[in-house]
Structure formats: C-alpha cells, structure tokens
Amino acid sequence: MFEEPRMAIGYHAHMASSPIDHRHLRSALDFAVLMAREGRKFKPPMKYPKGLDKYLKMQRIPGTALASIRRMVEADDAFRSRIAVGALPELVDPIGKLWLERPAGWEDDLQRLVVEADATSAAAEAANDLKRAEKRRDAAETAAARTRAQLVVLNEQVIERNLVIDGLRADLVKLSESIEQLRTESVDSRNEARHARDREAAALGKLAAAEAERDAATAARGKAELVRDDVLADRATLAAERSELARLAATAESLADRLSALAAPPASGRPQAVKRKALPLPGGVMGDSDAAAEYLLRSGASVLVDGYNVAKLAWPALDLAGQRVVLLDAIENLARRFGSDITVVFDGADVVGATADRRRIVRVVYSPAEVIADDVIRDEVRRLPMTRQVVVITNDQEIVRDVRSMGANTMTSDQLIALLR
C-alpha cells in the first residue's frame, strides 16, 4: 500500500526533468479544462482538480497558465486516466493523447513525437521564411517597376510643363502689347500694365527656378517620388500665376474691346464671341464619382471653391476661423498632390484674419463689403478667358446653374471632401 506513493514520487521527478515543453501539451491541457468544465454539469459531478476552476470560464487558456494546469493534471492520475478515454483525435493531437494515456514505453514515443513535431515546425517555418523572402523580392520588383513608371510619368509632366511655359510666354507678350495700347487711355489700364510686368518678372523667376529643379530632378532619378512632389507643387504655382495673368489679359482685352467699340462704327458680319466649353469626362467616368473629381483637378483648369459651403459641411463643429484654417491646409495639400490651380472664395473681407493667410499655391479671395461670395465666384468665371477651362466646387444649385451656363464644369462639395479625407 506504500508502493504507489513512492512510484508517483519517482514518476513526478522524471516528468519534472522532462525536456518536453508545455506548448507541446496544449491540446491535452485544453482538453483537460474542457472536460472539467463539462464534467461539473454531471449528476453527480465528475471529480477534477479544484485548481482548474479559475480557468473554466476562459475562451482560450493563456500560455502562462499551461505549466500550472500541467502540474494539476499530473498530480491527479485518476482525473488524467478518466479523461484519457475520451481523448479523440479530433480534440487531442497524438502528443497530448499519448501523454494522457501513458501506455508502456510512452516516454520514448513521446520524445520521438516531440522531435518530429519540432522538425515539422522548423520545416514549416523555413517554408514560411522562403515565402516571405519571395514576397519581399516580388514587392521590391514591383516597387522598382513602379519607380520606373513614375520616372516616365515625371518626364512627360516636365515636357507638358515646358509646353505650358511656352504658352505662358506667348500670353505675356500679348498681354504686354495690350497694356501698352491702353496705357494712354486709362489710368486703370496703366495700373494693370504695371502689375502685369511685375507678375511677368515673378513668373519668369519662377520659370527659371522650375527649370533648375527640372534639371536637378533629371539628375536625381533615384528619388523620383520626392522630385515628383516638388515638380507638382511648382507646376501648381505656375498654373496659379498663369491664371492670374489670364485674368489680367481678359480685363485688358475687355477694356480694349470697349474702347474699340467706342472709337469705331458698328461693323456688320463681325465674328461672334467665343463661348467657353465644359471639359468632357473620359468614357465610363460618372460625373459624381471620385474619379471624375480627380480628373477635373488634374486637368489644369482653374478651380474655384465656395469656401464656407465646403468648410461648414466638412467641419460643422468648428467656428468659422477654424473652418477656414483646416480647409485651406487641406486644399494646400491637395494642390500639391494634383498640381491644381485653386482659388478659394470666402464671404467678407472684413473677417478677422482675412488677409493673414500667405500661401504659396492656393489663392484666397474674400468678397468685398456687401458682396456675397456667390457673386465673386460668378465674376471670377466671367473674367477668365473663354479659352480657359473652369471648375466650380459648391453645393449651391443657383451657382451651379449660373456657371454651367457660362461653360464651366461643376463638382459637389461632397466630392471635394472625399478627396480631402
């Protein structure tokens, strides 16, 4: 009657020195907790180590608890032998089943199964490492291809910008000629000519800087993404300057036409004024889609944003000053991404901080006293040359109706907000 305790002590000493890790016995230990949970529902309940009570409500046993559960199961041979009968292969793996049943020679078989499991795990880990290495290689190849494609696109953008610059030079020449003709006839026209010359010098300076950056971009193709961002930012700056010069040209041409009309008798058969045409969308692109919005912003058109119409919809919890700051920061980033020529129109030039925003790309306009931003937007569209494409962003249907009649494209405030976020 005293042999069994001594055998148990010897057995437990052997298991205490066993190199088998607790993780190899997880299926058996999870099964022991499951059987204890279900066994206490029996009448009479099945006897199990009481120390298991604190684990019975856990959905998954943490790894730190495996050693404690193992000791409790090993200390209760009756419980272990009882649950070993129900250790089906679907519930307990071969290592756990052998550990619970413990037939003759089970220690050697258990060591063999553990070695095989570790070998299988190592092979699987090696296979996973190989797959991860292949994925990294594929990702590197994809990144290299994408970088090469971006370089091609960058070169195309540089060529396109050069064409824009040539057109800008031609516009500047025409503008200078028109201003010289009007200088003797109007004080306002002389002021416009002076501003035009100043803008011409600034534009040429920006042109020289852009060409220098283009040369640097060509020499540093390894940093294509950073160069592309800088080129887009400079392109947006030049587009904004060109739009301002175009507005001045339109004003000068309008004054010249009025002066000519006053000086010359009416002539029959004079050509009708050119009417602006809206930009057509690519085939398959819906007008209210994000793709349509991105296409219009990348088109090179002059973009007019109904400031508070967008800001109040996007950030209703902020006050007006906060809405302006957040909107302008977001549109500044958008202009850099897409190279867009963007003007944001707000109500009220007497707003505190209305002249405090000094931005390199986005142009900000505040309506004069007793004039609403809606009228400023209509006037901006009307003043731009008919050859210039225009996009107006607002949810105000009256503005939408009016600017569409002037040949402008329209985009909803919701579409712009989706791109900003």
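Brief remarks follow.
- Taken along the Cα-to-beta-carbon direction at a fixed 7 Å, the label points for ASP53 and ASN333 span 5.6 nm.
- In the context of the full set of protein chains, residues of the stretch 368-421 present 48 Å² of accessible surface per residue (probe radius 1.4 Å, heavy atoms only).
- ALA201 paired with GLU180, simple spin-label distance in nm, labels 7 Å along Cα-to-beta-carbon: 1.8 nm
- Set of lysines near LYS57 by C-alpha distance (under 16 Å), chain-local residues within fewer than 8 positions excluded: LYS41
- Mean shadow area of the stretch 302-421, taken as a quarter of the surface of its Cα convex hull (nm²): 7.1 nm²
- Across the cross-link table entries LYS43/LYS97; LYS174/LYS312; LYS47/LYS97, which are compared at the Cα atoms, the separations over 30 Å belong to LYS174/LYS312.
- Simple label model, 7 Å out from Cα along Cβ direction - GLU213 to VAL326, nm: 2.9 nm
- Over every Cα atom in the stretch 38-89, the radius of gyration and the widest Cα-Cα span, Dmax, amount to 11.5, 32 Å.
- Rounded accessible area of HIS195 (nearest 10 Å², 1.4 Å probe): 90 Å²
The values are calculated or read from the model by the stated rules, or taken from the named source; none is laboratory data. Only a predicted model underlies this, so the values are computations on that prediction, with no experimental measurement involved. Cβ sites come from the backbone with ideal geometry, for glycine too, and all protein chains shown count toward neighbours. Remember, those area values only see protein heavy atoms, side chains included, never the ligands or the DNA or RNA. Shrake-Rupley method; radii C 1.70, N 1.55, O 1.52, S 1.80 Å.
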